[in-house]
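The values are calculated or read from the model by the stated rules, or taken from the named source; none is laboratory data. None of the values given here were measured: they were computed from a predicted structure. Cβ atoms come from the backbone with ideal geometry, glycine included; neighbour counts cover every protein chain shown.
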Amino acid sequence: MHVTRGRLLRGLTALVVATAGIGAAAGPAAAEDDPGWVDGWLDDVTVGASGAPARTASLTLTSSGAAQPRVTLDLTGLAGVATATFPASCVTEGTSVTCPMPSSATDEFGTLTGTVPVVLRAAPGAADGATGTIGYTPLGEQTEAYARQAVVTVRSGPDLLDLVDEYVSGAQVGESRSVPVAVVNAGDQPAVDLRVTLRFPVGLVPASYRNCRYGTDQVLATVMVCTVRGTFAPGQRHELRHGLATTLGPATLGDKRITQVVEPLANAGPLPNGVQLKRRDADQALRLRPVGAPLDVIPAEVTGPGGQTYLRKVQGAFDIVAQGATATGALGDTVRVTVGLRNEGPGVPDGTVSGEAVGAFLFTPPAGTTVLANPSGCEPRGGEEGVADTPATWYCAGPGVVFPAGASRTVPFDLRIDSLTGVDGEVQPYQRYPRVDDNPGNDAAPVTVG
């Protein structure tokens, strides 16, 4: 699954709404005069000192069953710290502003959700570290109103923000994609030199630049750390001309998220932990060029130093093979069977985005046998308690969040032979991730004891 910047905010808002709406949302037996409810959320905001571009904050407004849903804002707490401007649909009276539910609001299962953009700019002379507040109260006709507050902080200095948030469908193994790299300085001071850190999940191969270093992390992703020289003026957009060429290698499979983080070099954080970074031979340097006129207002969707390019459902080839076993013994004997899965590749199942289990398998012992010990990483599931000859199925976790091509995940099981039924056991993947592979006929294998 993937998460956009806006979707994260909406998710937080939904949590607030769900909490506030308990007992208030209309149900089948609700009275006809139920006023419904209105709720909203505005995050705390940091703006650059005087001379920096303004920042756009999103006030998310939600409502169900309410007449004239709106939000009133009290700007008294911003005096001397910041100014705020609102859409033309809002009505201003002194330091009080009232904004209706936006006409662009979406209706999902009877709940309206809209976004009111609030453009904030540091007041002239506001000192570094100055703070102010915006009070806001979502309400409707006869609804219960809940007053809230957001803090606005002024900071002086460079403030690099990443501008990339792309979603790509139809990418195919073997092709080269141009990954955008773009930044803007939202501070009031120039940034001199910066660091860009990118992470390419397993299968993706970025181009080589002489001012970058490369390494592989514990989940086989390529980490790329680049030192980019130059002066990045307030409000000025900079980008990598033609983008960063990235090849989708044979290991590419499923959803892929390429992340990037930009930082002023002077106060950049520590390098990625556990990654040995080395330079590559390259004829070119990664340079970020100024593009267009400086921005006077930073858009609402640009919120921080991190960005992403998301590749959806790359249909790479792969084959997961179940590894069964055969053991021979007499009644009362203990025999060992080693069972599991092997990834014949070339694609590499990768659960770093979805959180899905990768390389996990299920093992059902042959009827008439008893597992004598719990192997590490495995646990019984199912089986009918008190019913003879009904073995539990064992779940065994995968090797990690990636299942490399050519790798196996096997577990030894010690089985006591209680009866010779001739009914085989079986081993198979816990689930077909990220899809049924290219040879499903070998996804299950028998386990025989006789």
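One table, with the values for the structure above:
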{"read-out": "All strands (runs of 3 or more DSSP E) inside region 291-392 with 2 or more residues being of a type in the set (A, V, I, L, M), touching a strand residue (DSSP E or B) at 6+ places or on another chain (Cβ under 7 Å) and surrounded by fewer than 18 Cβ atoms within 10 Å (Cβ to Cβ)", "value": "none"}
{"read-out": "Unmet requirement for residue 431, which otherwise passes all of (1) closer than 23 Å to residue 333 by Cα; (2) surrounded by fewer than 17 Cβ atoms within 10 Å (Cβ to Cβ)", "value": "(1)"}
{"read-out": "Residues located in region 207-228, provided they are touching a Phe, Trp or Tyr at 6+ places or on another chain (Cβ under 9 Å) and touching a residue at least 60 places away in the same chain (Cβ under 8 Å)", "value": "208, 221, 226"}
{"read-out": "Test for residue 407: is it aliphatic (A, V, I, L, M), crowded, with 18+ Cβ neighbours inside 10 Å and either in contact with a strand residue (DSSP E or B) (Cβ under 6 Å, 6 or more places away or on another chain) or at pLDDT 95 or above (or both)", "value": "no"}
{"read-out": "Index of the failed condition, residue 292 passing every other in (1) closer than 20 Å to residue 260 by Cα; (2) assigned by TED's automatic domain parsing to the domain that holds residue 230", "value": "(1)"}
{"read-out": "Residue match in region 163-176 (condition: within 30 Å of residue 67 (Cα to Cα) and assigned to a loop (DSSP other than H, G, I, E, B))", "value": "no"}
{"read-out": "Where a residue in region 335-358 is in contact (Cβ under 8 Å) with a residue 40 or more places away in the chain and at positive phi and its partner, wherever it lies, is in a strand (DSSP E or B) and aromatic (Phe, Trp, Tyr), with Cβ under 8 Å and at least six apart", "value": "340/361"}
{"read-out": "Number of positions in region 395-450 that are under 31 Å from the mean Cα position of the chain (by Cα) and of a type outside the set (Ser, Thr, Tyr)", "value": "25"}
{"read-out": "Close pairs (8 angstrom Cβ cut-off, 6 or more residues apart or separate chains): under 22 Å from residue 47 (Cβ atoms) and assigned by TED's automatic domain parsing to the domain that holds residue 191 in region 229-255, of a type in the set (Asp, Glu) and surrounded by fewer than 21 Cβ atoms within 10 Å (Cβ to Cβ) anywhere", "value": "235/296"}
{"read-out": "Sole exception among (1) touching a Phe, Trp or Tyr at 6+ places or on another chain (Cβ under 6 Å); (2) surrounded by 18 or more Cβ atoms within 10 Å (Cβ to Cβ) for residue 148, by number", "value": "(2)"}
{"read-out": "Any hit, region 381-393, residues being among the hydrophobic types (A, V, I, L, M, F, W, C), at pLDDT 95 or above and under 37 Å from the mean Cα position of the chain (by Cα)", "value": "no"}
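For every residue, the table says whether it meets (1) of a type in the set (D, E, K, R); (2) under 17 Å from residue 402 (Cα atoms).
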residue: 199; (1), (2): yes, yes
residue: 206; (1), (2): no, no
residue: 216; (1), (2): no, yes
residue: 220; (1), (2): no, yes
residue: 227; (1), (2): no, no
residue: 236; (1), (2): no, no
residue: 241; (1), (2): yes, no
